[in-house]
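Here is the structure we will look at, set down as structure tokens.
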Amino acid sequence: MIGVRPAASLRRRVQSVGYCPCPINVRRDSSPLLFPDTTIAVMKKSNQIKWFVGAEKCAPQTNSTGKKAIPVVALALLFSTLLPNTGCIGLTSASKPASSQPSTPGAAAISIAPASVGFGAVALGDTASQSVTISNNGGSDLTVTQISTAAAGVKITGMTLPLTISAGKQGTFNVIFSPKAPGAVSGRVSVMTDISGSPSTVSVSGTGMAATALLTTSASSLSFGNVAVGKSNALSLTLTNAGNSNVTMSKVSISGAHFSESGVSTGLILAPGQSATLDAIFSPVSTGSSSGSVMVESNATNSPATIALSGTGTQTSAHFVDLTWLPSTSAVAGYNVYRSEVSGGPYSKLDSNFAAANSYTDSSVQGGLTYYYVVTSITSSGMESADSVQASATIPTP
């Protein structure tokens, strides 16, 4: 004879297992009561085999394959076998299905850009800076409570805390790297806020390098050649910071008669890779050769930088060409004089003002050259005649 455990005992056993109740539909027929005042359901996963014990004998249930349910009298015998395979065991009352906790609509949401900051190589004593932006991409205020880092030589500036960032807005802070010793540095900047998941982090890296200040020049000497007395000639050279730290000019001096300089002043600072132009000028006041130098002193390891200067002053030409011509037979206001170094031209007008008389003195000639001249007449209304017959003059060499 098969013994059946009373439903109340089954209820206690089911509850002790700790399974949650499952939603069921109880179906009954008019058969005599098996277990009065008791309703228990056992189901094997959703939409599969179900057995019911109710106030009356349960009617046979079929599963999705059309097979009949196991009779209720076998329930006690199969209970221990079914427990490991059932999705849940419980009473007729149903519980709500489990679901993930939705996020709060309109909550603040943080994003930080860039996610990493790399400073590269920075000389000891120098400083590098990069900005980082905090964005609130959510629908409510975001409060930044703390920004910190333990990375050596790194500090945070530019943001007063606590800072509230409205929805859709941004805030910016600066990450400063000032290495105190040679070597690589890495770490993180932590950004604490009032939202879950805080802190957010930004990775930081950089390398401290021993400071090297090196000033190079584009030329070691400048030669001005021949310059007429009373005239000037300027030559330029470039000063470049070829080190990894700033070069500061402390003094620029020049030696030698007739030389001067411009373009670089005391206190000028050149950052690594930066250049400046220095102009050296030769203005002889007498004939003969001159020599000198320009010296640039700085904090560079190769200071001072010295550039040799040389030039020769020459006598101003005493040659000139006197030109005369027959006056025009027509009424004219004056004459234009043209000159060329090539026979037949093209010619250049020597004076913007016309000559009132039929003569002109050209004092801008140089020894050893031959010049070719033509003359035109001009009326008071500005009408100009054709060129005259060409004349030439050869200037002797002093």
Worksheet, complete the sentence: Hydrodynamic radius by Kirkwood for the range 215-314, inverse mean 1/r across distinct Cα pairs, in Å, is 13.8 Å
Response to the item:
Spelling it out for Leu214: with amide H atoms placed in the peptide plane at 1.01 Å from N, the residues 5 or more places away or on another chain with amide H under 5 Å from its amide H are Ala242, Gly243, Asn244, Ser245, Thr301
Worksheet item: If you plug each phi of the range 370-375 into the Karplus form 6.51 cos²θ - 1.76 cosθ + 1.60 with θ = phi - 60°, what whole-Hz ³J(HN,Hα) values come out, in order, with x for Gly and Pro?
Response: 10, 10, 10, 10, 9, 10
Practice prompt. Starting with the highest mean, order 137-147, 375-385 by the number of other Cβ atoms within 10 Å, averaged over the residues of each peptide.
Written response: 137-147, 375-385
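Relative contact order of the range 321-394, please, whole-number percent, based on alpha carbon pairs below 8 angstrom and at least 6 residues apart. If you can, show how the numbers build up before the last one.
On the way: 134 pairs, mean separation 26.7, N = 74.
After rounding, I find 36 percent.
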Item to complete: Measure off 7 Å from each Cα along the Cα-to-Cβ vector at Thr133 and Ser190, then give the distance between these two points in nanometres to one decimal.
Response: 2.7 nm
Worksheet item: Along the range 177-192, what does the Karplus equation 6.51 cos²θ - 1.76 cosθ + 1.60 (θ = phi - 60°) give for ³J(HN,Hα), rounded to whole Hz, x for Gly and Pro?
Response: 10, 10, x, 9, 8, x, x, 6, 10, 9, x, 9, 9, 9, 10, 8
Discussion item. Under the 0.36 nm per residue contour assumption, what length would be gained going from the current alpha-carbon distance of Ala181 and Ile112 to full extension?
Written reply: 21.9 nm
Worksheet item: Any idea what the relative contact order of the range 189-256 is, in percent, if you count C-alpha pairs under 8 Å spaced at least 6 apart?
Response: 30 percent
Worksheet entry | Per-q log10 I(q)/I(0), the range 321-394, q = 0.12, 0.22, 0.26 Å⁻¹ (Debye; single scatterer per alpha-carbon; no solvent) | -0.30, -0.97, -1.31
Worksheet entry | Long-range Cα-Cα pairs in the range 110-209 (distance over 16 Å), rounded percent | 54 percent
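Let's test the formula: R0 of 51 Å, r as the Cβ-Cβ distance of Ser236 and Ser203. What FRET efficiency results, to the nearest 0.05? Can you show the working numbers first?
Numbers: r = 46 Å, r/R0 = 0.90.
About 0.65, to the nearest 0.05.
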Worksheet item: Using a basic spin-label model with each label point 7 Å from the Cα along Cα→Cβ, how many nm lie between Thr145 and Thr160?
Response: 2.1 nm
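Each reported figure results from applying straightforward, stated rules to the coordinates on display, with no laboratory input. If you're wondering where the values come from, they're calculated on a predicted model, not measured in any experiment. Heads up, the Cβs are rebuilt from the backbone with ideal geometry, glycines too, and the neighbour counts pull from every protein chain shown.
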